[in-house]
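Everything on this sheet refers to the single structure shown next.
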Amino acid sequence: LYSIAITRLGPTHAEPGRPVVTRFQGTCFALGLAAMWLASDWPIHDIAERYNLSVHMVQHLMYTMVVPPLMLLGIPTWLFRWMLQDHRVFSLVRALSRFLPALVIFNLVLVFTHWPVVVDAALRSGWVHLGVHTLLFVSSLIIWMPVVSPLPEIPRLQPLLRMLYLFTWSIVPTVPASFLTLGSTPLYKFYETVPHLFGLSTLEDQQVAGLIMKTGAGLLLWTLIAVVFFKWAADEERNDVP
């Protein structure tokens, strides 16, 4: 669909004098698709569904922290504007892509999709599993919009607000991660009934999953905070030069 849009719609919708898609955008979108494929296929998908919660957490991190920003960075402005040409859709996306709504939606979805009843149901039903992953992915697109929005009409947050946003985002996932890491008993019944790879017990596998959830997301978000800060500082210094 991306390729069709670029070749069929690009020549008539792209701004005159500008490329239909840049090399950077094409590379980002391709990497996003590759990351989604990697998370959805063997061996990650099979191990996540049949053996280890820790690998399931790696899969979720890829769906939420890797794929969405790459895909958003890969969509040209004209294509995103065409996708949101219906004013109702545009208004909804703009309303959800603000500081507070985006954080609330993503974190509610995060807590819900890691609730023991939901996880056990998803691991026993392919349709529920698909629904959970879709919900995670869509909510992740929403929370990444204030950071990497490709559309000027839905602008990215200013640097200071963006750092505060990323900092706030990094705090909330530590709550469900703490339940996994510090729990004295397994939370998910399904993983008590299956064997585990890498020599881990059910509880150890759960603790590793909590550490992955906490450190994986935290390291990425704090790295982005550092990048935004140093870029903002460099821009400020450049503007002060007479």
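The values are calculated or read from the model by the stated rules, or taken from the named source; none is laboratory data. This one's a predicted model, so the numbers in the text were calculated from it and none came from an experiment. FYI the Cβ positions are ideal-geometry reconstructions off the backbone, even for glycines, and counts take in every protein chain you see. Side chains are part of the model used for accessible areas, which takes the heavy atoms of the whole protein and leaves out ligands, DNA and RNA. Shrake-Rupley method; radii C 1.70, N 1.55, O 1.52, S 1.80 Å.
Here Ser97 does not fit the description of being at pLDDT below 95, open to solvent by less than 40 Å² (accessible area, probe 1.4 Å) and among the polar types (S, T, N, Q). Between Leu219, Leu166, Leu161, the distinction of being at pLDDT 95 or above, open to solvent by 30 Å² or more (accessible area, probe 1.4 Å) and under 23 Å from the mean Cα position of the chain (by Cα) belongs to Leu161 only. Filtering the range 48-74 to residues that are open to solvent by less than 20 Å² (accessible area, probe 1.4 Å) and under 23 Å from Pro155 (Cβ atoms) leaves Thr64, Met65, Val67, Pro68, Pro69, Leu72, Gly74.
Kindly evaluate Phe179 against the criterion of being farther than 30 Å from Ala234 by Cβ, of a type in the set (Phe, Trp, Tyr), surrounded by fewer than 19 Cβ atoms within 10 Å (Cβ to Cβ) and touching a residue at least 40 places away in the same chain (Cβ under 8 Å).
Values: farther than 30 Å from Ala234 by Cβ: yes; of a type in the set (Phe, Trp, Tyr): yes; surrounded by fewer than 19 Cβ atoms within 10 Å (Cβ to Cβ): yes; touching a residue at least 40 places away in the same chain (Cβ under 8 Å): no.
The answer is no for Phe179.
In the range 200-213, the residue that is nearest to Tyr63 (Cα to Cα) out of those that are of a type outside the set (A, V, I, L, M, F, W, C) and surrounded by 13 or more Cβ atoms within 10 Å (Cβ to Cβ) is Gly210. Mind checking which residues of the range 42-79 are more than 18 Å from the chain's Cα centre (by Cα) and over 21 Å from Thr181 (Cβ atoms)? Residues satisfying the conditions are Trp42, Pro43, Asp46, Glu49, Arg50, Pro76, Thr77, Trp78, Leu79. Apart from one condition, Leu141 fits all of (1) out of contact with any Pro (no Cβ under 6 Å at 6 or more places or on another chain); (2) closer than 30 Å to Tyr188 by Cα; (3) crowded, with 16+ Cβ neighbours inside 10 Å; the exception is (1).
For the range 86-101, state whether one or more residues are among the polar types (S, T, N, Q) and in a helix (DSSP H, G or I). Before you say what the answer is, go through the steps one by one.
Taking the range 86-101 and keeping what is among the polar types (S, T, N, Q), we get 91, 97.
Those left that are additionally in a helix (DSSP H, G or I): 91.
Taking every residue of the range 86-101 in turn, at least one turns out to be among the polar types (S, T, N, Q) and in a helix (DSSP H, G or I).
Scanning the range 69-94 for residues that are of a type outside the set (A, V, I, L, M, F, W, C), touching a residue at least 24 places away in the same chain (Cβ under 8 Å) and within 18 Å of Ala5 (Cβ to Cβ) turns up Gly74, Pro76, Thr77, Arg81.
Among what's in the range 182-199 and is in a helix (DSSP H, G or I) and open to solvent by 40 Å² or more (accessible area, probe 1.4 Å), pick the residue that is farthest from Val111 (Cα to Cα). Talk me through it step by step, then tell me what you get.
Initial filter on the range 182-199 (in a helix (DSSP H, G or I)): 182, 190-192.
Pick out the ones that are also open to solvent by 40 Å² or more (accessible area, probe 1.4 Å) and you get 182, 192.
Values: Leu182: 16, Glu192: 21 Å.
Result: Glu192.
Residues of the range 103-138 being assigned to a helix (DSSP H, G or I), surrounded by 16 or more Cβ atoms within 10 Å (Cβ to Cβ) and touching a residue at least 60 places away in the same chain (Cβ under 8 Å), which ones? Across the range 103-138, the qualifying residues are Leu103, Phe106, Asn107, Leu110, Val119, Asp120, Leu123, His129, His133, Leu136, Phe137.
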